[in-house]
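The values are calculated or read from the model by the stated rules, or taken from the named source; none is laboratory data. Treat the numbers as computed from the prediction; the structure is a model and nothing was measured. Positions of Cβ are generated from backbone atoms using ideal geometry, with glycine treated the same way; all protein chains shown enter the neighbour counts. Side chains included, ligands, DNA and RNA excluded: accessible areas come from the protein's heavy atoms. Shrake-Rupley method; radii C 1.70, N 1.55, O 1.52, S 1.80 Å.
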Amino acid sequence: MAPISYHLILSGILFTIGVMGVLLRRNTIIIFMAIELMLNAVNLSFVALARHLGSMDGQLIVLFVMAVAAAEAAVGLAIILMVFRNKETINADELKLMRW
Amino acid sequence: MEHAHATAQALSLSLSVSYLRYIPLFPLLGVLFNIFLGHRLGRKAVNIVSPGMVFLSFLVSLHAFWNLPEGGRLVDTMWLWISSGTLHVDFALQVDQLSAMMILVVTGVGFLIHVYSTGYMAHDHDVARYFAYLNLFTASMLLLVLGENLLLLFVGWEGVGLCSYLLIGFWYTDDEKASAGKKAFIVNRVGDAGFLLGLFLLFWTLGESNVWTLSFSTIQQHIAAVPAEVATVICLLLFVGAAGKSAQIPLYVWLPDAMAGPTPVSALIHAATMVTAGIYMIARLNFLYALSPTALSVVATVGAATAFFAATIGLVQTDIKKVLAYSTVSQLGYMFLALGVGAYTAGVFHLMTHAFFKALLFLGAGSVIHGMSDEQDITKMGGLKSKMPVTFWTFFIACLAIAGVPGLSGFFSKDLILEEAYASPLGSPMLWLVGTIGAGMTAFYMFRLLFVTFFGENRASHEVQHHIHESPASMTVPLAILAVLSIVGGYFPLLHFLSPLFGEHHEPHVAPLIKYLPTVVGLGGIALAYVMYVLNPAIADNMARGLSAFHKLLFNKYYIDEIYDAVIVRPIVGMSNWLWKVWDAIVIDGTVNGAAHTMEANGSLLRLWQNGNVQNYALSFLIGAMAILGYYLW
C-alpha cells in the first residue's frame, strides 16, 4: 500500500490547482468547478487519514461534504443562470456591482 | 444661662395650629385661577377673585394675630419635607410677633394694591397674567415671612425674586423693560450667591457640633456652638444676600431700573414688601448677628452710606418714579442702619411705617401718571392740585410722613433710628450725623417732587392737559386708607409687641439737640424746597447752573451704572465673546470636527479596497488563512 504521504501530497496538489482556478480564472462556471476540486481534494485527505488512523470519522465527514457540495452545485448553478439572464455575462471581472 | 432659659421658655409657648397654611394657600389658588380660567372668565372675574384671595389671607392673618399667645408663637407643621440621615426639615410655618406684623403688612397693603391694580390695569389686555404674577408674589412673600426654617425662607426668597423679574418685564415687548427685568434678576443672583454660601456655612458650622438643622428655633438654641469669627463670616455673607434683595450699596443698581414695571408693582414689590426681605432676614437672625459686632458695624455703615448717597441722587432726578425709587433705597438704608446698631425694633418699626407711606407715594405717583396719559417727567407736570384733589392730599400726607413731620408715622420711626444710631453701644455720632443730613435731604427732595408736580402752572401739552382727570374710586379709596395708615401707623404699640423677640424697648437717653435736630433739619428741608420751587423757581435753575458739574454728577447717578458697565459687564461680555468665538468655535469645535475629518479621510482610503471584484476578496481570504496557519504551525 502506498504510504500516507503520497495521498496527502496529491491532495495538496489538487487543492492548489483549485485555489489557482478560483483566483485566476474569470469564468464563473470554471471558478465553480475549481471550488468543487478544492472540496474533493479535502475529501481525499479525509479518507486517506481515516484509513491511516483506522477511524471512521473521516469517512463520515466526506459523506457530509459530498451532500453539501451537491446542494451547493444546485444553488450555485441557479445563481449563475440568473446572473447571466440579467447581465448577459458570467465573467467575474464584469460583475462588480457590490462596490463603493 | 439666662439666655438659654429665656429660649426654653419661648419654645414652651409655641402653640400648634393648622390654619396658618391657608395664608399662603389662598393667593396660590388665585394664581391657578388666573392661569387656567382668567382668560376665559374675563376681566370682571379676575378683578374679584385676585384681590379676594389676598383679602381671605388677610382675614386668616388677623385671626392668627388675635390668637397669638403672649410672648409665644404659633406653629403649623404640615409634613416632613426632607429627611436625610440625622437631618430632618419640616414643611412648617410659624407666626411670632415679627411674622405677624409682616403678614399683616403684606396681606393688608397687598390687598389695597390689588384693588388699586384693578383700576390701574383697566385698559391692559393681559390682566389675568398680571394678577397671576401678583398673586404668586403675595404667596411667595408670605412663605418667606412664615417659613419656620431657613430653607422655606429661601424658597420664598427666590419666589419673590422670580415674580419681581416677571413683573418688571411685564410689558416685555418693550426691550428696555425686559432688560430692566433681567438686570434685577442678575444683580439679585449675585446677592443670592452670598446668601447661599452663608447658609451653607451656618449649616456646616452647627453640623460640626452634631446639630444638623435649619429650623430657626433649633439654630437659636444651639447658637452658642458658632464661634465668633465664623459668625462674622456667616453674617457678612448673609448680608450680601440682604444687600442684593434690599438694594443696598453696591447692589442697589437694579431697583431704580425696576421702575419699568407697572406702578402698583413698584409700590408692592419694590417699596413696601419684597425689598424689606433683607431687613426681615437679619431681624429674624438677630441672635446670630448679636455674636458679631464687626458684621453689625458693616451693616450699619453700608446702611448709613446708602441712606446718604441715594438721597443725594434723589435730589435732582426728574422722573417721578425714579425719585421715589432712590428714596426707597435711601429709606432701606435707614432700616439697615437701625439693624446695624442693634436697634432691631426701630428697624422693623420703620419697615412698617415705610410700607404704608411709600406704598402710598407710589400709588399716588401711579394715579398722577394715569391722569397725565403715562407722562412720568415732573418737569412736564405742575398744577395738578386742583385737578386731582384726592391724589394731591394723600400724596401730601405721605410726604409729611416720610419727611418726619411730628405726629405722623415716619416721624416716630425715623427719630427712633437716629436716636439709637447715636446712643446705642454700637452707634456713633458719625452715623447719627450722616442720617440726619440724609433726613434733611429726604424732606427736601420729597417736597420738591410735591411742589413741582402739584403746584404752579401745568407744563404739559394741551392734548394731555385736556385729559387730566382724577382716578376712579378703585384707585382713590386705597390711597385714602393708606393715608390714614401713614398718619396713625406710628401709634401702633409695635415696640412693646416685638419685645419677646428683641427684648423690651428702652427709650434712649440723648441730649435735646440730638433728639430734636433731625426734625428741625427735616422741616428746614421742606421750607427750602418751598422757597426754591414755589416762591422763586429761578433759584433752583441758578443753582443747577452754578453747580453744573455737581448737578451733572448727581443727575447721572454718580455714573455708577456706567462704571459697573465698564468694570464688570464689558469684561464679562468680552470674555464670553472670546470663549464663544475662539475657545468654543475654534478649539472645541475644531477638535471634534478634526477627529471626524481624520476618520473620514482614512475611511476613504480604506474603502478603495472594496472594489467589488470577488476574486480580490478571495485572494485576501487566502492570504489571511495562510497567515493564521503559518502563525500556528511556526
* Structure fact -> Two pseudo-spin positions, 7 Å from Cα along C-beta at B:V488 and at B:A473, lie apart in nanometres by 2.1
* Calculate, in nm to one decimal, what B:K380 and B:Y19 gain on full extension: separation in residues at 0.36 nm each, minus their alpha carbon distance. => 124.9 nm
* Accessible area in square angstrom per residue, region B:173-278, 1.4 angstrom probe -> 33
* For the pair B:I586 and A:K87, how long in nm is the line joining their label points, each one 7 Å along Cα→Cβ? -> 5.3
* Structure fact -> Sorted by accessible surface (1.4 Å probe, heavy atoms of the protein chains only), largest first, B:Y280, B:Y133 come out as B:Y133, B:Y280
* **Probe 1.4 Å - accessible area at B:D175, Å² to nearest ten** => 120
* Structure fact -> Per residue, accessible area of region B:292-555 with a 1.4 Å probe, heavy atoms of protein chains only, in Å², comes to 36
* Structure fact -> Taking Cα atoms only, helix B:175-208 is inclined relative to the longest principal axis of chain B by an angle, in degrees rounded to 10, of 80
* Asked: Got a number for the accessible area of B:L29? Probe 1.4 Å, square angstrom, nearest 10.
  -> 80
* Asked: Roughly speaking, to the nearest percent, how much of region B:479-528's 1.4 Å accessible area is carbon and sulfur?
  -> 78
* How far, in degrees from 0 to 90, does helix B:429-454 lean away from the longest principal axis of the Cα atoms of chain B, to the nearest 10? -> 80
* **Residues whose placed amide H lies under 5 Å from that of B:S14, excluding near-sequence neighbours** => B:R73
* Tell me which aspartates and glutamates have Cα within less than 13 Å of B:K385's Cα, excluding those fewer than 8 residues away on the same chain? -> B:E457, B:E470
* To do: Leaving out ligands, DNA and RNA, calculate the buried accessible area for the pair B and A with a 1.4 Å probe, summed over both sides, in Å² to the nearest 100.
  => 1000
* Can you tell me the dipole magnitude for the protein assembly as shown around its Cα centre, using point charges on the Cβ only (Lys, Arg +1; Asp, Glu -1), in Debye to the nearest 20? => 1140
* To do: With everything on Cα atoms, drop me the angle between helix A:57-87 and the longest principal axis of chain A, reported from 0 to 90° to the nearest 10.
  => 10
* **Accessible area of B:F111 in the full protein assembly, 1.4 Å probe (Å², nearest 10)** => 50
* Solvent exposure, largest accessible area first (probe 1.4 Å, DNA, RNA and ligands not counted), of B:W580, B:W81 -> B:W580, B:W81
* Label-point gap, in nm, between B:S461 and B:E158 - each point 7 angstrom along Cα→Cβ -> 4.7
* **Those lysines that a straight Cα-Cα span of less than 20 Å connects to A:K87, excepting residues fewer than 8 apart in one chain** => A:K96
* Asked: Rounded to the nearest 500 deg cm²/dmol, what is the calculated helix-only ellipticity per residue at 222 nm for the protein assembly as shown, with -39500 (n - 2.57) per DSSP H run of length n ≥ 4?
  -> -23500 deg cm²/dmol
* Backbone N within region A:36-55 under 15 Å of label point (7 Å from A:I79 Cα along the Cβ vector) -> A:36
* To do: Determine, from the Cβ-Cβ distance of A:S5 and B:A627 and an R0 of 30 Å, the FRET efficiency 1/(1 + (r/R0)^6), rounded to the nearest 0.05.
  => 0.75
* To do: Provide B:Y533, B:Y422 ordered by accessible surface of protein heavy atoms (probe 1.4 Å), highest first.
  => B:Y422, B:Y533
